[in-house]
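Student: Before anything else, here's the structure in question.
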Amino acid sequence: MLDLAFRNVEILDGTGAVAFRGDVGIQDGRIAAVVEEGALGAAHTEIDGDGACLAPGFIDTHAHDDGAFLRHPDMGFKLAQGVTSVVSGNCGFSAAPADPSVNATSASGGILAGLTGDFTDLAGYFDLVLAGKPAINNMMLVGHNTIRTLTMGMDKREPTAAELATMRGHVELAMEQGACGFSSGLIYRPGRYSLTAEVAEIAAAVAPFDGLYATHMRNEGDRLLEAVDESLSIAQDAGVHLHISHHKSAGKPNWGKVGESLAKVDAALQAGQRVTLDVYPYTAGSGRMIEYFNLDRINTAFAEVVRIAGCPAFREFEGKMVTEIAVERGISIDDVVRLILTAEKGERTICIHFIIDEADIETNLAHVDMMVGSDGIPDLRGRPHPRLFGTFPRVLSRYVRERGVLSLPEAVRRMTSLSARTFGLTERGEVREGWYADLVLFEPSTITDEASYDDPKREPTGVRAVVVNGQLALHEGQHRGVGSGAMLRYRQGMHGTR
Ligand SMILES: [Zn+2]
């Protein structure tokens, strides 16, 4: 007898093919049968889809969930969206490697919050996460900022040959233990202190594993195009696949530049280079506030589009624009920025900044190699960017159903099989017999992201069921706490016994 059966569903298999009516049976964690309607045998648990869409579970290619897997193993904010796997360790910040005697995570601000434990490498991190029975799967990148901080602190200089060798060694070990590639965050410290050649030499350490180089580029605004050139040349020199994270052109004077940036990507693809990208479907970014301001020369125009998300120093500012706080306090906008960032714990403030053009999101989503990554920062206190809870349903509601930017099968392909193939999630990302049973059942006519900037922690509606490794993890709004997530190894299945 089957463990679980979905009957009467429109199957979107993840390849981009149109949906077909059928039944899907699950046994021992795998998809046992994909058959025409009525042809499936009996199952212990039956779900009548009533014509809803059954698709591969969504894959969040840009997550910062390294710490969340320890702090929130239920991963409710992802599971509720139909996300069954994430890629963590982005923007140069990764859980592993680690030195328990050095607080290397402090450099990441809130991004790596929640990471505690005495692990030193990826295998140790995976063991620790699995002990907490995570709800969803995790694939990891190894981060440049993390290995650089461990190797040379926050030094603003080039590494010595020995330090470079140490950093490459960290990357090689992580790759041996199952990481999918190397990530950089070249706007952050200490990554921003590194020259192009350093990044290329470290990225080359993933080439023997055919892994990828994922980057939060050095510039996403005035010098976006130069940053794309740098990224392409790093990947070219290293001989690896380039993945551009959260592609955007930031700041009003730069709006529209994503078209030129994508033209550079297309030219590289034409020339035979391997390049992919991801985007989040929102006009605001979010990150650690201190990274965006120089206190000696505050950019007031930027401060005017900043909203406070999480602020341990002034909880009462959470959810407010800097401009609102200035009026309330009767001080200048610059003084609000100074007040927040110079307070005790002020450097831990996470902000949201409205810097992206709506039209650029559509240009991005129209590109065939564009995946979806939430970039959600899993700090559940305060008012996080709504992308943490809403990204995947928002693509389906706003950009498929309302705006028609891409078709439903194509959107699902970009959120499943394309991501699985690029990031090496073996036998995932398609509804296919024999593959792992990571699935989402949703109503295409009603699925909606409910999370907003004012009310960012609302779960989406229209997601009826989520299956992770064959276990029914969410059903009709109920998180079932089965903890069936796995730690994934690049192109090799999973870490540990699961
Ligand atoms: Zn980033």
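The values are calculated or read from the model by the stated rules, or taken from the named source; none is laboratory data. Being a predicted model, the structure only gives us computed values, none of them experimental. Here Cβ is always computed from backbone atoms with ideal geometry, including for glycine, and neighbour counts include all displayed protein chains.
Student: Picking from LEU150, LEU112, LEU186, which residue would you name as being modelled with pLDDT under 95 and within 16 Å of the ligand (Cβ to nearest atom)? Write out each step before concluding.
Tutor: Values: LEU150 fails: within 16 Å of the ligand (Cβ to nearest atom); LEU186 fails: modelled with pLDDT under 95.
So the residue among LEU150, LEU112, LEU186 that is modelled with pLDDT under 95 and within 16 Å of the ligand (Cβ to nearest atom) is LEU112.
Student: Let me ask something else. Here is a check on your reading of the model: is GLY483 over 19 Å from the mean Cα position of the chain (by Cα) and surrounded by fewer than 20 Cβ atoms within 10 Å (Cβ to Cβ)?
Tutor: yes
Student: Any residue at all in the stretch 425-438 that's aromatic (Phe, Trp, Tyr), farther than 16 Å from ALA19 by Cα and under 20 Å from the mean Cα position of the chain (by Cα)?
Tutor: no
Student: If you check ASP3 against the conditions, is it away from the ligand (no atom under 16 Å from the Cβ), assigned to a loop (DSSP other than H, G, I, E, B) and surrounded by 13 or more Cβ atoms within 10 Å (Cβ to Cβ)? Working first, answer last.
Tutor: On the way: away from the ligand (no atom under 16 Å from the Cβ): yes; assigned to a loop (DSSP other than H, G, I, E, B): no; surrounded by 13 or more Cβ atoms within 10 Å (Cβ to Cβ): yes.
Taking the combined requirement at face value, the residue does not satisfy it.
Student: Could you figure out which of (1) under 30 Å from SER445 (Cα atoms); (2) crowded, with 20+ Cβ neighbours inside 10 Å; (3) in contact with a Gly (Cβ under 9 Å, 6 or more places away or on another chain) isn't true of ARG30?
Tutor: It fails just one condition, (2).
For every residue, the table says whether it meets (1) in contact with a helix residue (DSSP H, G or I) (Cβ under 9 Å, 6 or more places away or on another chain); (2) buried (at least 24 other Cβ atoms within 10 Å of the Cβ); (3) part of a loop (DSSP other than H, G, I, E, B).
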residue: ASN364; (1), (2), (3): yes, yes, no
residue: HIS367; (1), (2), (3): yes, no, yes
residue: ASP375; (1), (2), (3): yes, yes, yes
residue: GLY382; (1), (2), (3): yes, no, yes
residue: PHE389; (1), (2), (3): yes, yes, no
residue: GLU410; (1), (2), (3): yes, no, no
residue: GLY424; (1), (2), (3): no, no, yes
residue: GLY429; (1), (2), (3): yes, yes, yes
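Student: May I pose another question? Just to be sure, is ILE352 in contact with a Pro (Cβ under 7 Å, 6 or more places away or on another chain), aliphatic (A, V, I, L, M) and not in a helix (DSSP H, G or I)?
Tutor: Answer is no for this residue.
Student: A further question on this structure: Which one of these is crowded, with 24+ Cβ neighbours inside 10 Å and either at pLDDT below 95 or closer than 29 Å to THR151 by Cβ (or both): THR196, THR215?
Tutor: Among THR196, THR215, only THR215 is crowded, with 24+ Cβ neighbours inside 10 Å and either at pLDDT below 95 or closer than 29 Å to THR151 by Cβ (or both).
Student: Using beta carbons and a limit of 7 Å, which pairs, at least six apart or on different chains, have the first residue in the stretch 287-304 and more than 20 Å from GLY376 (Cβ to Cβ) and of a type outside the set (Phe, Trp, Tyr) and the second one within 14 Å of the ligand (Cβ to nearest atom) and in a helix (DSSP H, G or I)?
Tutor: none
Student: For VAL142, are the conditions met, namely being in contact (Cβ under 8 Å) with a residue 40 or more places away in the chain, within 16 Å of the ligand (Cβ to nearest atom) and surrounded by 18 or more Cβ atoms within 10 Å (Cβ to Cβ)?
Tutor: Yes: the conditions hold for VAL142.
Student: Check GLU163, GLU158 and return the single one that is over 30 Å from GLY481 (Cα atoms), surrounded by fewer than 21 Cβ atoms within 10 Å (Cβ to Cβ) and touching a residue at least 24 places away in the same chain (Cβ under 8 Å).
Tutor: GLU158
Student: Okay, next question. On the given criteria, is ILE333 of a type in the set (A, V, I, L, M) and touching a helix residue (DSSP H, G or I) at 6+ places or on another chain (Cβ under 9 Å)?
Tutor: Criteria met by ILE333.
Student: Follow-up. Let me confirm something: among VAL129, VAL102, VAL86, VAL24, which residue is out of contact with any Gly (no Cβ under 8 Å at 6 or more places or on another chain), part of a loop (DSSP other than H, G, I, E, B) and touching a residue at least 40 places away in the same chain (Cβ under 8 Å)?
Tutor: Matching residue, one of VAL129, VAL102, VAL86, VAL24: VAL102.
Student: Search the stretch 239-257 for residues that are of a type in the set (A, V, I, L, M, F, W, C) and pair each with any residue that is within 16 Å of the ligand (Cβ to nearest atom) and assigned to a helix (DSSP H, G or I) when their beta-carbon atoms are under 7 Å apart and the residues are at least 6 apart or on different chains.
Tutor: Taking only residues 6 or more apart or on different chains, the pairs are LEU242/SER231; ILE244/SER231.
Student: Something else now. On the given criteria, is VAL171 modelled with pLDDT of 95 or more, farther than 30 Å from LEU12 by Cβ and assigned to a helix (DSSP H, G or I)?
Tutor: yes
Student: While we're here: What about LEU195, is it closer than 14 Å to HIS241 by Cα, away from the ligand (no atom under 14 Å from the Cβ) and not basic (Lys, Arg)?
Tutor: Criteria not met by LEU195.
Student: Now, a different point. Please list, ordered by residue number, the helices (runs of 4 or more DSSP H) wholly in the stretch 238-340 having 2 or more residues that are more than 16 Å from the ligand (Cβ to nearest atom) and touching a strand residue (DSSP E or B) at 6+ places or on another chain (Cβ under 6 Å).
Tutor: Hits in the stretch 238-340: 258-270.
Student: Can you spot a residue in the stretch 160-174 that is within 16 Å of the ligand (Cβ to nearest atom), in the same structural domain as THR61 (by TED's automatic domain parsing) and not acidic (Asp, Glu)? Write out each step before concluding.
Tutor: Start the filter on the stretch 160-174 by keeping residues that are within 16 Å of the ligand (Cβ to nearest atom), which leaves none.
There is no residue in the stretch 160-174 that is within 16 Å of the ligand (Cβ to nearest atom), in the same structural domain as THR61 (by TED's automatic domain parsing) and not acidic (Asp, Glu).
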